[in-house]
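Comments concern the structure below.
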Amino acid sequence: MLNRLEMLRIFVAAAEARNFKEAAARLGISPQAVTRAVQDLEAVQGELLFHRNTRGIQITTYGEHLATQARDSVQQVDALFQSQSAQEPSAGLVRLTAPVGLGRRLMLPVLLALGRQYPLLRFDIQFSDTHADVVDERIDIGVRFGSMHDSRYIARRVASPPFRTVGTPELIAQHGKPKTIEQLHELPTTSLRDLSTGRPWPWYFSGGQHISPVNPRFLSSDSEAEFDAIMAGIGFGQLPGFMADEHIASGKLVPVLQKLQPEAWDIYVYRPQRGPVPPRIRLVFDQLVAGLGG
């Protein structure tokens with residue numbers, strides 16, 4: 001006896017065809033196989049599904065009712081096993097995470113463009129300056145600024161923006177430019193709090209040097225808030241190029257300690273290694289790689 005799903009699939013084809021021979025041709029099997037499947041299903045159901053005579057077949061009232069139910073069931077089961085390449089690649093939910101400043105400035109424009117192009121895509125976005133555990137939190141795609149050495153992820157390096165130590169022209173007119181790293185301790189500064197430790201993130205400089213400004217004038221766990229404080233002239237700060245460069249170009253920020261500028265950090269787009277990648281995830285991943293790389 002055939003498995004029950006295949007039996008129902010043959011029965012549905014027979015119900016939609018003029019005769020068993022036509023149903024067999026649609027399925028690429030013999031008419032005898034259709035006859036046997038129908039007979040087996042009749043035995044399981046304990047009901048006659050087709051009236052048969054020399055002129056052909058005619059489905060019974062019970063057969064019509066069963067065919068309606070079987071058709072929906074077969075389609076639902078087939079959809080579960082449909083290959084990913086055959087599914088709509090631009091529909092469904094994608095969960096993402098990124099640091100606040102990077103996410104708002106670089107990731108969000110890419111996602112908004114995708115959302116306009118693919119109305120069936122949905123996004124669940126977590127912007128945080130604390131690294132999310134993408135595996136535990138079931139995030140599909142992440143963007144990270146900094147090192148990326150985790151074998152659980154598939155990662156693509158897309159850019160390497162520099163760090164800039166900056167202040168506003170007004171701040172520099174009032175306090176002057178620092179000439180050494182140590183002089184930063186004597187000047188008003190801003191700092192970003194590392195939520196995992198509760199301490200300020202250090203500032204980095206060439207040759208592996210780093211400091212944590214003493215008594216920063218403005219301390220926040222939100223990189224956007226720190227950025228606003230720097231732009232308001234509250235203190236000197238250290239920003240990645242993707243936040244600082246356009247304001248340096250416009251004259252709103254002035255770089256300092258340029259000879260001590262640290263090595264650039266890398267930006268990665270990454271996703272967990274979870275076996276087959278749904279088309280919607282691959283679409284968003286590839287667009288982020290292209291967009292952030294550009």
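Structure summary
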item: Linear extension gain, Arg18 paired with Ala232, 0.36 nm per residue minus alpha-carbon span; result: 69.1 nm
item: Coil-residue GluC sites (Glu not before Pro) of the stretch 1-78, DSSP, other Cβ within 10 Å capped at 15; result: Glu47
item: FRET E, pair Arg282, Ala173, Förster distance 45 Å, beta-carbon r, rounded to 0.05; result: 0.30
item: Shape category assigned to the stretch 163-260 from the gyration tensor of Cα positions, a/c cut at 1.5; result: rounded
item: Between the stretch 140-192 and the stretch 195-240, the alpha-carbon center distance in angstrom; result: 8
item: Size of the stretch 4-81 as Cα extents on the principal axes (Å, biggest first); result: 40, 26, 18
item: Asp222 versus Ser160: modelled label distance in nm, points set 7 Å from Cα along the beta carbon direction; result: 3.4
item: Considering only the chain, percent of DSSP beta bridges that pair antiparallel, nearest 5; result: 65
item: Modelled FRET efficiency - R0 25 Å, Leu120 with Ala290, Cβ distances, 0.05 increments; result: 0.75
item: Label-point separation, Leu260 to Ala79 (7 Å along Cα→Cβ), nm; result: 6.3
item: Mean separation of Cα contacts under 8 Å, 6 or more apart, over the residue count of the chain: relative contact order %; result: 22
item: Projected-area mean, the chain, by convex hull of Cα positions, square nanometres; result: 21.9
item: Theoretical FRET efficiency, 1/(1+(r/R0)^6), r = Cβ-Cβ of Glu246 and Ala113, R0 25 Å, to 0.05; result: 0.80
item: Length released on extending from Asp150 to Val214, taking residue separation times 0.36 nm less the Cα-Cα span; result: 19.7 nm
item: Shape call, the stretch 118-198: gyration tensor on alpha carbons, a/c limit 1.5; result: prolate
item: Positive-end extreme of charge dipole, the chain - chosen from Gly235, Val110, Thr97 (charges on Cβ); result: Val110
item: Top of Leu80, Leu184, Leu112 by mean-square fluctuation, Gaussian network on the chain, Cα under 10 Å; result: Leu80
item: Lysine-lysine proximity count for the chain, Cα under 29 Å, sequence distance 8 or more or distinct chains; result: 4
item: Mean ellipticity per residue at 222 nm, deg cm²/dmol - from DSSP H runs of n ≥ 4 across the chain, formula -39500 (n - 2.57); result: -11500 deg cm²/dmol
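Read-outs throughout are calculated quantities, based only on the coordinates presented, and are distinct from any laboratory measurement. None of the values given here were measured: they were computed from a predicted structure. Neighbour counts are summed over all protein chains in view; Cβ atoms, including those assigned to glycine, are modelled from backbone coordinates with ideal geometry.
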